[in-house]
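Shown next, in C-alpha cells, is the structure this report addresses.
FYI, it's all coordinate maths here, none of it is from the lab. Everything numeric in this text was worked out from a predicted model, so none of it was measured. FYI the Cβ positions are ideal-geometry reconstructions off the backbone, even for glycines, and counts take in every protein chain you see.
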Amino acid sequence: MLKMIALFLILLITACASRPQLYPNTKLKSVGKEAAKKDIDRCIADADDYLESSKGKNIAKGAGAGAAIGAAMGAVGGLLTGNMGRGLIRGGAVGAAGGGVAGALTPDQIKHRFVNQCLADKGYQVLGWD
C-alpha cells in the first residue's frame with residue numbers, strides 16, 4: 001500500500017512539472033542543451049519569485065477588476081441599446097484589456113507567459129509546454 005501511494009505521488013509530481021520546449025534556433029544550437037536547461041530553470045525561478053511578489057499579484061488583481069468594471073459598464077450600455085448580453089461581453093473584454101490581460105488567465109498561463117518572455121529575451125523560441 002505504501003509503495004502504491006509513493007508511486008502515485010511521484011507520478012503526480014512529475015505530471016505537474018511542465019517545462020517549455022524550445023525550437024532549435026541559432027541560440028539553442030550555440031549554447032547547447034545543458035545551458036538552455038539552466039536558462040529555463042532560471043526563468044522559471046524568476047517567474048515564481050515575481051508572481052509571489054505583491055507587484056505580480058497587484059497586476060492580476062487590476063486586470064480582474066478591470067474586467068468586472070468593464071462588464072458592468074457594458075451591461076449599462078446594453079440596457080440602453082436593448083442588448084445587455086452583447087454589452088456585457090464587449091464591456092468585459094474592453095475592461096480586461098484596460099486592466100491587463102493577466103486577470104483573465106490562470107496562474108499557470110501567467111507563469112508560462114512570463115517564462116516564454118524571459119526565454120525570448122535570452123534569444124530562445126518556445127514552441128510550447130509539455
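Residues VAL126, VAL115 in ascending order of nearby Cβ atoms (within 10 Å, fewest first): VAL126, VAL115. Look at TYR50, TYR124 and count the other Cβ atoms within 10 Å of each Cβ; fewest to most, that gives TYR50, TYR124. Count Lys and Arg as plus one, Asp and Glu as minus one, and take only other residues whose Cβ is under 10 Å from that of SER18; the net charge is then 0.
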